[in-house]
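Down below is the structure, laid out as structure tokens.
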Amino acid sequence: MADSVIDNFILLIAVVVIGLVILGFTFSYFAPREAFSIAEQSASSLSSSSTISTGPLLISGSEGSVVIELYNPSYNGNYSIFVFPISSTYEQDVGIITPSSTSSFTVYMPNGELAKQINIDSQIYCVNGKILYDSPITAYSVPSNTPVTIQVGGISSSSCIVVIWILYCSSGYWFRIDYTFTGVPST
């Protein structure tokens, strides 16, 4: 009889341990996926309700300057800007092209002050959940609905265009919620 009680007790402990392992696996697997899915939906919603206004690229020597504004009347938070120049021959691929090297740029607020610089050390996703870029970058955080001036270095000629990424962090995940490009106006 004592052996039966011990056997039942061991069986009960084994069932509880197996249940806890399954529960732990479930939470460790599905909880991050659910958190990413919620962040992705938030970024996608912000992306679809925002519009970008971009001015022409004005060049002086090897520097370029452009004014940009992300407009969304229902969003009062910050977003981040990342910029890189490319040859205008890649204009048709601007949605999928990523920077091949670190770019030199600064972002200025309307009052002339430098925007807050931030380092992004995590992956950057498209709003469809695919990894877009997987290297550390430096971006500038600016408030929405505010025009800012971007100064870009490394402009080799008037045949360069500047690609501008609008980045948004949701639950620790970074998303490119929009992008645009601009170049020297044609005459």
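The values are calculated or read from the model by the stated rules, or taken from the named source; none is laboratory data. As the structure is a computational prediction, the values presented were derived from the model and not from experiment. Here Cβ is always computed from backbone atoms with ideal geometry, including for glycine, and neighbour counts include all displayed protein chains. Only protein heavy atoms, including side chains, enter the accessible area calculation; ligands, DNA and RNA are left aside. Shrake-Rupley method; radii C 1.70, N 1.55, O 1.52, S 1.80 Å.
Each Lys or Arg adds one and each Asp or Glu subtracts one; over the other residues with Cβ under 15 Å from the Cβ of residue 47, this totals 0.
In deg cm²/dmol and to the nearest 500, what is the mean residue ellipticity at 222 nm of the chain if only DSSP H runs of at least 4 residues count, each as -39500 (n - 2.57), divided by the residue total? Numbers along the way, then the final one.
On the way: 1 runs with 47 residues, N = 187.
Mean residue ellipticity, 222 nm, calculated: -9500 deg cm²/dmol.
Annotation: per residue accessible area for region 3-53 equals 75 Å², rounded to a whole number [probe 1.4 Å, protein chains only]. The listed residues 102, 26, once ranked by accessible area (1.4 Å probe) with the largest placed first, stand as 102, 26.
Dipole check for the chain: with +1 at the C-beta of Lys and Arg, -1 at the C-beta of Asp and Glu, and the Cα centre as origin, the magnitude is about 280 Debye. Here the accessible area of region 1-118 is 62 percent carbon and sulfur, with a 1.4 angstrom probe and all protein chains present. Between amide H atoms placed 1.01 Å from N, distances below 5 Å from residue 129 occur with no residue 5 or more places distant or on a separate chain. Listed options for Rg/Rh (Cα atoms, Kirkwood Rh) are (i) 1.18; (ii) 1.04; (iii) 1.27. The value calculated from this structure is the one marked (iii). Among residues other than residue 141 with Cβ under 14 Å from its Cβ, the summed charge is 0 (Lys and Arg +1, Asp and Glu -1). A dipole drawn for the chain from +1 and -1 charges on Cβ atoms has a positive end, and of 125, 103, 54 the residue lying farthest that way is 54.
Rolling a 1.4 angstrom probe over the protein heavy atoms with all chains in place gives region 112-171 an accessible area of 43 Å² per residue. To the nearest ten degrees, helix 2-48 and the longest principal axis of the Cα atoms of the chain are 10 degrees apart. Taking Cβ atoms as reference points and 15 Å as the exclusive limit, the residues near residue 163 contribute a net charge of -2, counting Lys and Arg as +1 and Asp and Glu as -1.
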